[in-house]
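Structure first, then comments.
The values are calculated or read from the model by the stated rules, or taken from the named source; none is laboratory data. This one's a predicted model, so the numbers in the text were calculated from it and none came from an experiment. When we count neighbours, we look across all protein chains shown, and the Cβ atoms used for this are built from the backbone with ideal geometry, even at glycine. We work out accessible area using only protein heavy atoms, side chains counted, and drop any ligands, DNA or RNA first. Shrake-Rupley method; radii C 1.70, N 1.55, O 1.52, S 1.80 Å.
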Amino acid sequence: MQAPVVFLNTTTHRQTGREAQIQNITAAKAVADIVRTCLGPKAMLKMLLDPMGGITLTNDGHAILREIDVSHPAAKSMIELSRTQDEEVGDGTTSVIILAGEILAQTFPYIEKNIHPVVIIQALKQALADALEIIEKVSIPVDVNNEDAMIQLIAASIGTKYSAKWSHKMCELALQAVKTVLIDDGNHKEIDIKRYVRVEKIPGGEIEDCTVLDGVLLNKDVVHPKMKRYIENPRIVLLDCPLEYKKAESQENFEITKDTDWNRLLQIEEEQVKVMCEQILAVKPDLVITEKGVSDLAQHYLLKGGCTALRRVKKSDDNRIAKATGATIVNRVEDLKESDVGTRCGLFEVKLIGDEYFTFLCKCKNPQACTVILRGPSKDILNEIDRNLQDAMAVTRNVLFSPRLSPGGGATEMAVSVGLTERAKKIEGVQQWPYQAVADAFEVIPRTLVQNCGGNPIRVLSQLRANHANGQHTYGINGETGRIVDMKEYGIWEPEVIKQQSAKTAIESASMLLRVDDIVSGVRKQH
């Protein structure tokens, strides 16, 4: 008998066939169990310590999984899911993980019964197409200009988060911030939250003090103590060049023969700076903001010209100021023109908040960039509120792009589950079973909602199933009490995109993990 051939390095670990699939499904379920308690308004918080010793307090599925360090490849791919969901639609990160884990768990028995994974995957793909159709059917259009309806909608996203106590305040902030940066020129809409909405977290004060500034806030003070700190309707010049004399790129040597030449050299440096300042003052600005440095001499000339200066402003902040005030960022002082001056800002003011100086550029006309100021008792709480606000803004953005809503509180998922169960009866052959498995998996969302608030899942779900079978698609779970309510009255609606995206992501990732039949991990064990 021939000796077995070892072709893999001895340090690698290989799992094939059934073993690999079982491993993947177990890993995916383990990840889903981590965030399971984070679903719904009665969600628990997770406290995570990162390697640097910082603390994260959150119940946002994506924030939790981002901090967790896992080694199993299937678990890693599950964590990618929540990231995709977060980047694409911003909310529903917890449900997508729970759903994917449950779909794998439900299809697991059929793998044990030796149904080929490809057959299962075909059934999953069919179920996905039907699920999207059902989501489309139970969704309703919404009027984007109706402020109350929009606030109620954002409240559904915030209701499951830590900042639910100040829900109304947060909804107003998110709606105002997104509407400020909305650019709609008839043909296409553009909402760039990342670039034009700055969230400034200032510890201290009450959470009720949070506001959206119609302009920009900088953590800066003026460069010279005598400069004005309060200017109404300032003329603003934005620069991307230093207001200092130009130094040579490489080292230079001067040979000076006369003693007066040395003074002349110093004088030329001063003249350079003076010419620069004169060119700036020619357009009569009240405020000069530069991304680079301002030398002492330049400060002196600008002060004499009655002009206030700020230096070393971040590039991203500079872009926001340009958007808010209508100024153009100029790279060379020589190129300054009257049209580059920003005049849309109503007030420039420097205030002391806590022990730091903040520069406010506010009361801008049609700003198109804004700053959200968050106040609160501690840094950890502010970070969590910031995360919740990002979700709320993402939800607002999605609705403005595709104004259709699906009922929340597990109602959409239950409708999908009941609808798929109906259709499963018409499918012939082996595919019927994995198709039915997807239908069962969708029930996990309403079931988890009931469990998280201490209800009786079996009784409540049977009743909910009966309601949906009678065509009452808007019935779902009240996450506070665990009872069944009509979402039309309870008022929890979510953007349809989120529901569609979570169904797509969950089913496609489950298909991908089922396709794996061999895991070779070449990770060396640390001795």
Near Lys258, which lysines are there with a Cα under 17 Å away, not counting those fewer than 8 places off in the same chain?
none
Using DSSP, restrict attention to beta bridges with both residues in the chain and report what percent are antiparallel, rounded to the nearest 5.
70 percent
Dipole of the chain (Lys/Arg Cβ +1, Asp/Glu Cβ -1, origin at the Cα centre): which of Asn24, Ala156, Pro203 lies farthest to the positive side?
Asn24
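Take every DSSP beta bridge whose two residues both sit in region 212-343, then give the antiparallel share in percent to the nearest 5.
Details: 1 of 11 bridges.
Bridges in region 212-343 that DSSP calls antiparallel: roughly 10 percent.
Measure off, as a whole percent, the carbon and sulfur share of the 1.4 Å-probe accessible area of the chain, all protein chains present. Before the final figure, lay out the partial values.
Values: 12950 of 25780 Å².
Of all accessible area on the chain, carbon and sulfur atoms account for 50 percent.
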Could you state the accessible area per residue of region 82-221 in Å², with a 1.4 Å probe and every protein chain left in place?
44 Å²
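Which loop GluC sites (Glu not before Pro) in region 373-440, with loop taken from DSSP, have no more than 13 other Cβ atoms within 10 angstrom of their Cβ?
On the way: sites: Glu384, Glu413, Glu422, Glu428; in loops: Glu428.
In loop regions of region 373-440 (DSSP not H, G, I, E or B), the sparsely surrounded GluC sites (Glu not before Pro) are Glu428.
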May I ask you to list the GluC sites (Glu not before Pro) in region 160-243 that are in a DSSP loop and have at most 16 other Cβ atoms within 10 Å of their Cβ?
Glu206
So what does Arg311 come to for accessible area, using a 1.4 Å probe and Å² rounded to 10?
90 Å²
Using a cut-off of 19 Å between alpha-carbon atoms, which aspartates and glutamates can reach Lys220, once sequence neighbours fewer than 8 places away in the same chain are excluded?
Glu200, Glu232, Asp240, Asp286, Glu291, Asp296, Asp317, Asp318, Glu349, Asp355, Glu356
Structure-based [θ]222 nm, the chain - -39500 (n - 2.57) summed over DSSP H runs of at least 4, per residue, nearest 500
-15500 deg cm²/dmol
Counting only protein chains, not ligands or nucleic acids, how are Arg195, Arg36 ordered by accessible area (probe 1.4 Å), most first?
Arg195, Arg36
Could you tell me which residue out of Asn366, Tyr475, Gly354 lies farthest along the dipole of the chain toward its positive end? Charges go on the beta carbon: Lys and Arg +1, Asp and Glu -1, centred on the Cα centre.
Tyr475
To the nearest 20 debye, what charge dipole does region 193-253 have about its Cα centre, counting +1 at the Cβ of each Lys and Arg and -1 at the Cβ of each Asp and Glu?
200 debye
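Over region 233-366, what is the relative contact order in whole percent, taking alpha-carbon pairs under 8 Å and six or more residues apart?
On the way: 225 pairs, mean separation 43.3, N = 134.
Taking the mean separation of contacting Cα pairs over the length of region 233-366, I get 32 percent.
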Log entry: pair-distance distribution for region 448-489, C-alpha pairs binned every 5 Å from zero, whole % per bin is 6, 27, 33, 23, 10, 1
Keeping all protein chains in position, work out how much accessible area Ser316 exposes to a 1.4 Å probe, and write it in Å² to the nearest 10.
50 Å²
Give the peptides 59-65, 377-383, 489-495 in descending order of average Cβ contacts within 10 Å, highest first.
59-65, 489-495, 377-383
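Determine the shape class of region 10-154: with a ≥ b ≥ c the square roots of the Cα gyration tensor eigenvalues, call it rounded for a/c under 1.5, and otherwise prolate if a/b is greater than b/c, oblate otherwise. If you can, show how the numbers build up before the last one.
On the way: a/c = 2.72, a/b = 1.23, b/c = 2.21.
Here region 10-154 falls in the oblate category.
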With the charge dipole of the chain built from beta-carbon charges (+1 for Lys and Arg, -1 for Asp and Glu) about the Cα centre, the Cα from Val237, Cys38, Val418 projecting farthest to the positive end belongs to Val418
So, in nm, how far is label Tyr357 from label Lys169 when the simple model puts each one 7 Å beyond its Cα toward the Cβ?
2.9 nm
Ignoring everything but the protein chains, give the 1.4 Å probe accessible area of Glu356 in square angstrom, nearest 10.
80 Å²
Would region 349-411 count as rounded, prolate or oblate if I go by the C-alpha gyration tensor, calling it rounded below 1.5 in a/c and otherwise prolate when a/b exceeds b/c, oblate otherwise?
oblate
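Calculated FRET efficiency, Glu208 and Asp33, Cβ-Cβ r, R0 51 Å, to nearest 0.05? Please list the in-between numbers first.
On the way: r = 37 Å, r/R0 = 0.72.
For R0 = 51 Å, the calculated efficiency reads 0.90.
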Straight distance only, please: which lysines reach the Cα of Lys499 with their own Cα at less than 16 Å, same-chain residues fewer than 8 apart left out?
Lys137
Counting only heavy atoms of the protein chains, get the accessible area per residue of region 389-527 (1.4 Å probe) and round it to a whole Å² value.
44 Å²
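I need the peptides 481-487, 464-470 ranked by packing, meaning the mean over residues of other C-beta atoms within 10 angstrom, with the highest value on top.
Details: 481-487: 18.7, 464-470: 17.0.
Those peptides, ordered most packed to least, come out 481-487, 464-470.
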Take every Cα pair under 8 Å in the chain that's 6+ residues apart, average their separations, divide by the length, and report that relative contact order as a whole percent.
26 percent
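Treat every Asp and Glu Cβ in the chain as -1 and every Lys and Arg Cβ as +1, leave all other atoms uncharged, and give the resulting dipole magnitude about the Cα centre to the nearest 20 debye.
Details: 64 positive and 71 negative charges, 162 e Å.
Roughly 780 debye for the chain.
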Gyration tensor (alpha-carbon) shape descriptor, region 69-149, a/c threshold 1.5:
oblate
Taking Cα pairs under 8 Å and at least six residues apart, what relative contact order does region 1-152 come out at, in percent?
22 percent
